[in-house]
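Worksheet: the structure to be examined is printed underneath.
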Amino acid sequence: MRDAILAELNRRQFIKHAAVAAVALPLLPLGCAASNKGEAGVRAATAQDWAGAADGPLNPSWNTTITSATEPGEPMLIGGTVFGPDGKTPARGITIYVYHTDAEGYYSREPQNGQPPRPRLRGWMRTGEDGRYEFRTIKPGGYPGRTDPVHIHVTLSGKDYPEYWIDSYWFEGDPRINDSYRSKLSGRGGFNPIITLRRDGQGVLRGERNIRLEHV
């Protein structure tokens, strides 16, 4: 029953976001993608690659490790706090779903048979009483042959919060971020989606992004 309910919610959210998608660019192989309205550098959701909360573990931890130690790329750790709509009260029980390309800008290296690639690097988290979340991964690469800023896609869901997209994680200093792309940011998620990365003593890039839920 739970799976059927989540599947229906997932289907409804896909329809909702597909309906407001911007004019899609032609389908490009593997790492390249179309864009969603209000979220620069984000490819349009499709029935095949939409995963979200319903596709994840039943009770995810507040933190997750997406990549193995052998994954090529710069190790990176991202964390933050999810707040309620007031931007001050930590939000408990919020599921965060993230996915991104590999270090060379590809979602998958598997044959796609003409279909959009299903993301290989993805993970789920659920906030506790303190609203914290954290994921370990590698810094993604930009789409080959495209100018979209390097990014990590993200959705939020929870009790009274049907799953919805917020602005992707971007990275300060990325030369692909220009005024044109900045103007496409929707503001969903609150705070600043462009995060500063600092390298720690072990060579891991670390960044922080807080998130504010929206009233529904």
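The values are calculated or read from the model by the stated rules, or taken from the named source; none is laboratory data. Please read all numbers here as calculations on a predicted model, not as lab measurements. Accessible surface is based on the protein model in full, side chains and every heavy atom, while ligands, DNA and RNA are left aside. Shrake-Rupley method; radii C 1.70, N 1.55, O 1.52, S 1.80 Å.
Computed over protein heavy atoms with a 1.4 Å probe, the accessible surface of region 97-216 works out to 47 Å² per residue.
In summary, the aspartates and glutamates within cross-link reach of residue 88, defined as a Cα separation below 15 angstrom excluding same-chain residues under 8 places away, comprise 129, 130, 214.
Show me the three semi-axes of the equivalent ellipsoid for region 65-216, from the C-alpha gyration tensor (sqrt of 5 times each eigenvalue), largest first, rounded to whole Å. Result for region 65-216: semi-axes of 25, 18, 17 Å.
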